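Scroll down for the structure; my scribbles are underneath it.
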Amino acid sequence: MIPYSLLDLAPVTEGSDIPQAFANTLDLARNAERLGYQRFWLAEHHNMPGIASAATAVLIGYVAGGTSTIRVGAGGIMLPNHSPLQVAEQFGTLASLYPDRIDLGLGRAPGTDQATVRALRRYHEGADAFPHDVAELLGFFRPAKPGQPVRAVPGAGIQVPVWLLGSSLFSARLSAAMGLPFAFASHFAPDAMDDALALYHGEFTPSARLDKPHAMLALNVVAAETDAEARRLFTTQQQAFAKLRRGDIGLVPPPIDDIDAWWTPQDKEGVGRALACAVVGDIDTVRKGIAAFIERHRPDELLLTANIFDHAARVRSFEIAAEAMAKN
């Protein structure tokens, strides 16, 4: 059985609010710890009413402080929005507070729209500076040298695992060149997954941080007591993606009984392609689906995610997924 981890966005559902979203995130993390998940990652998004994890480092501290053994981290921090020094200081602080439990995943997308990128006050012409910024950030984690003019305090000399995230060949190639672990966003952009994995493994150069390639793939897993109920729960995520593609960004919607009566053929085609890496069903369906995904793509680790409206159903889904992983 390969390690399995959990990706959360602190979802804000219709009829709920942000404080409840944060309480649900902590409860989910505690359940993930109980169920044997290796990591609990939070992702940075901005100006999205249905996602409350914008201040990702702050929320990581909240979750790490409310758990005891599970690794907590960013999947990821969108580096174009931040200076490398600030990220090193934030995660150096987290790693000092919660030793050997903090992960830092880095992405090069802004995680938002262009107007919000400008409001974030960082570079918004593109992410061309990303490789330089990653190298600078890694430098701040190395032990400070005598006379070094700028150092991360805390941060210098602290071992924080750094991952690169991506949905294209760019981050796969950069991860390989820098000798870093790589996480692919196959849960919403799977098109380049196989090519990215092949490139990452083929071009990997060992580093002081990692001696051999380590690839994690994200997978949507929605589980329930029956296949029919799981398919109904999955309509929340299908609606959210369809609305996002239309530019209708709002709170996380409740599930519906007949998704085909709700969306257009264009919605169905686009969302189906984006969410192609999804396993939806009861425990047997989920076990077989996860096993087939692992057999085909050979990841070193899985990052499971599920956008489910009802919190109890979401916890139960991850519980069933963990039971399914244990049976593979």
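The values are calculated or read from the model by the stated rules, or taken from the named source; none is laboratory data. The structure presented is a predicted model; accordingly, all values stated were derived computationally and were not measured. Glycine gets a Cβ as well: all are built from the backbone with ideal geometry, and neighbour counts include every protein chain shown.
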Do we have any residue at all in segment 86-107 that's in a loop (DSSP other than H, G, I, E, B) and at pLDDT below 95?
-> no
Among (1) crowded, with 22+ Cβ neighbours inside 10 Å; (2) β-branched (Val, Ile, Thr); (3) over 22 Å from the mean Cα position of the chain (by Cα), the one test that Val221 misses = (3)
Pairs where the first residue, in segment 263-287, is on the phi > 0 side of the Ramachandran plot and the second is surrounded by 17 or more Cβ atoms within 10 Å (Cβ to Cβ) and in a loop (DSSP other than H, G, I, E, B), C-beta under 9 Å, 6+ apart | Gly281/Ala224
Being among the aliphatic types (A, V, I, L, M), in a helix (DSSP H, G or I) and within 24 Å of Pro49 (Cα to Cα), is that true of even one residue in segment 272-283?
-> yes
From the residues in segment 245-271 that are in contact with a Ser or Thr (Cβ under 9 Å, 6 or more places away or on another chain) and assigned to a helix (DSSP H, G or I), which one is nearest to Asp194 (Cα to Cα)?
-> Ile259
Listed by range, strands (runs of 3 or more DSSP E) wholly within segment 134-244 having at least 2 residues that are free of Cβ contacts under 8 Å to residues at least 40 places away in the same chain and touching a Pro at 6+ places or on another chain (Cβ under 9 Å) are 182-184
Out of all the residues in segment 58-75, is one or more assigned to a loop (DSSP other than H, G, I, E, B), surrounded by 17 or more Cβ atoms within 10 Å (Cβ to Cβ) and under 18 Å from the mean Cα position of the chain (by Cα)?
-> yes
Mind listing just one residue for me: the one in segment 277-328 that is over 21 Å from Ala240 (Cβ atoms) and polar (S, T, N, Q) and, of those, modelled with the highest pLDDT?
-> Thr285
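Let's see how each residue does on (1) more than 16 Å from Ile320 (Cα to Cα); (2) more than 18 Å from the chain's Cα centre (by Cα); (3) among the acidic types (Asp, Glu):
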position: Pro11; (1), (2), (3): yes, no, no
position: Ser16; (1), (2), (3): yes, yes, no
position: Ala21; (1), (2), (3): yes, no, no
position: Arg34; (1), (2), (3): no, yes, no
position: Leu42; (1), (2), (3): yes, no, no
position: Met48; (1), (2), (3): yes, no, no
position: Ile51; (1), (2), (3): yes, no, no
position: Ala54; (1), (2), (3): yes, no, no
Can you tell me which residue among Ala274, Ala291, Ala326 is touching a Pro at 6+ places or on another chain (Cβ under 9 Å), surrounded by fewer than 22 Cβ atoms within 10 Å (Cβ to Cβ) and closer than 30 Å to Asp103 by Cα?
-> Ala274
